[in-house]
Amino acid sequence: MESEYVEGDGHEHVAHGYLSDIDKFVDNLHDTLWPLNKFIHENPELAFKEYKTHDALTSFMRSQKGWTVTGSAYGMETAWVAVYDSGRKGHVVSFNAEMDALPDIGHACGHNLIAIVSVAAALATAEMARQHNLPGKIIIFGTPGEEGAGGGKVRLLEAGAYENVDITLISHPGIYNNSPMVRTTAFARLEVEYFGHAAHAANSPWLGINALDALIIAYNSVSVLRQQTMPGDVIGVSITNGGAAPNIIHAYASGVFVIRATSSSRLQALQEKVGACICAGAEATGARVQVKTIQGYADHVPNRILAASYTKYWNSLPDIPEPRIPPEGQFTWVKASTDQGNLSYAMPSVNASFSIPPGELKGPPHSPDFEKASGTGEAFVRALRVAKALAGTAVDVLSRPGLIEEVKAQWRRDMEIIREGGNIG
Ligand SMILES: [Zn+2]
Ligand SMILES: [Zn+2]
């Protein structure tokens, strides 16, 4: 891999030139982007309410030469699009900027860094297109509502935002991995309600139908099912309404079942089994059951050709951070879900995981400790390194003849295996 860059037939020399140009350009963005990062981190906003962040990012992008910016795009107040058009027909590369924070614990998922990476990477890619006269388009999508199964990217996808887009790139901070080969889990949420019949629990219980019993039977059935699930399967259950009072046969009970699996097809199979457990509760007690299925996220399928490109740039920059990117082709499994997964089913995608220096308690994402970690200058500098490698990946697609065809052929192969319920590795 390395040698391709150092000694080549001239074509690779250009690629090497891109690296040092990207490196310098992104380093020069440091002082401009730091206040923007700080502003986003210090103004955490919940899913689909990222108003300040939307305004800060769109006004920043409007100040950049050559970019056309649309705020409140595709029917979502806080979605936005910024486009740099080289003016010459070519490939279309895109970056997603997440913006939302978590209830009570602010930017504990580090989406401020995700936004900064995508802005920096897109600006660097556009600058390379300008300097080296590359054809094509560069797009940043401001993607709202990733947390809590909001599915902002799914809405953008369904609204046609990604039509004619060739690749989609994003990153996510954490404390364990540096990897462009991230597999996340597929995810679904079932909101379950049982309707029984109230009766006095002491003097005439036989007149009632116990909705809580139905829910407990479902809960216990799932507990039994867990012995025979696959290693990647996760089923979580919470009881959100456990009945009115202990001296009443409960007329109503409700719970939430969250299901994760390594692929969408596996998720479907697991969901059927969990559905049978839920029905068992109703069957045994005579309660009526109602299930609301919340569309979850698909698993993320990384494109290994794009990932190889990312790795080359990451490893060519000085001071490679620990941990190292795993050997080529090796997946990094993350037990979390993202709507970038849905995009990866629609086009080639990279969702690069990067580690930032952890806080005192070494808290992972969604902990107060990570909220602090994602606001530091060191985390910001690490994000800029990610931006350089993602920009390199995009520049490769714009500049290397035949690469996009290879990328898409890989994507088609992966999708074919996945649709047949197979395992891509
Ligand atoms: Zn999160
Ligand atoms: Zn996140």
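All of the numbers you see were taken from the coordinates with simple rules; none came from a lab. Everything numeric in this text was worked out from a predicted model, so none of it was measured. Backbone-built Cβ (ideal geometry, glycine too); neighbour counts: all protein chains shown.
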- Message: I want the local charge near S254. Using Cβ-Cβ distances under 14 Å, sum +1 for each Lys or Arg and -1 for each Asp or Glu among the other residues.
- Response: 0
- How much length, in nm to one decimal, is gained on full extension between E360 and N241, taken as 0.36 nm per residue of separation minus their Cα-Cα distance? 39.1 nm
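Based only on Cα atoms, what Rg/Rh ratio does segment 186-294 have, Rh being taken as Kirkwood's radius?
Reported Rg/Rh (Cα atoms, Kirkwood Rh): 1.04.
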- Message: Test of the criteria: in segment 56-112, which trypsin sites (Lys or Arg not before Pro) are in a DSSP loop and have at most 11 other Cβ atoms within 10 angstrom of their Cβ?
- Response: K65, R88, K89
- Task: Sort out for me the Cα centre separation of segment 303-334 from segment 119-193, rounded to whole Å.
- Result: 18 Å
- Task: Determine the calculated [θ] at 222 nm for the chain from helices alone, applying -39500 (n - 2.57) to every DSSP H run no shorter than 4 residues and normalising by the residue count; nearest 500 deg cm²/dmol.
- Result: -14000 deg cm²/dmol
- Query: For D85, D104, what's the fewest-to-most ordering of other Cβ within 10 Å of each Cβ?
  - Reply: D104, D85
- Query: Can you list the aspartates and glutamates whose alpha carbon is less than 14 Å from that of K388, not counting same-chain residues fewer than 8 positions off?
  - Reply: D21, D23, D27, E127, D319, D396
- Ranked by how many other beta carbons lie within 10 Å on average, peptides 26-38, 391-403 from highest: 391-403, 26-38
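Please give the length that would be gained between K335 and T68 if that part of the chain were fully extended, namely 0.36 nm times their separation in residues minus their C-alpha to C-alpha distance (nm, one decimal).
Working: separation 267, 0.36 × 267 = 96.12 nm, distance 3.68 nm.
Result for the pair: 92.4 nm of gain on full extension.
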- The exposure ranking of E42, E98, fewest beta-carbon neighbours within 10 Å first, is E42, E98
- Query: How far apart, in nm, are the 7 Å Cα→Cβ label points at E420 and W206?
  - Reply: 6.0 nm
- Going through segment 129-164, which GluC sites (Glu not before Pro) have at most 15 other Cβ atoms within 10 Å and a DSSP loop state? E163
- Query: Ranked highest first by the average count of other Cβ atoms within 10 Å around their residues, in what order do 119-126, 71-78 fall?
  - Reply: 119-126, 71-78
- So, with +1 on the Cβ of K and R and -1 on the Cβ of D and E, and no other charges, what is the size of the charge dipole of segment 186-294 about its Cα centre, to the nearest 20 debye? 240 debye
- Query: What is the calculated FRET efficiency for K408 to R288, with r their C-beta to C-beta distance and R₀ = 56 Å, to the nearest 0.05?
  - Reply: 0.70
- Query: Hey, got the Cα dimensions of the chain along the principal axes, in Å, largest first?
  - Reply: 88, 43, 41
- XL table K292/K335; K52/K137; K52/K292; K24/K335; K292/K362; Cα-Cα > 30 Å flagged, in table order, is K52/K292; K24/K335; K292/K362
- Message: Loop only by DSSP, 15 or fewer other Cβ within 10 Å of the Cβ. Give me the GluC sites (Glu not before Pro) in segment 344-425 that pass, ordered by residue number.
- Response: E360, E420
- Message: How far apart, in nanometres, would the label points at R88 and R130 be if each is projected 7 angstrom from Cα along the Cα-to-Cβ direction?
- Response: 1.7 nm
- Query: Length gain on complete extension for the stretch S59 to D319, per 0.36 nm per residue less the alpha carbon to alpha carbon distance?
  - Reply: 90.2 nm
- Task: Hydropathy first: keep DSSP H helices in the chain averaging at least -0.5 on Kyte-Doolittle, then drop any whose Cα extent along the axis falls short of 20 Å, and list what survives.
- Result: 111-132, 211-225, 264-285, 377-399
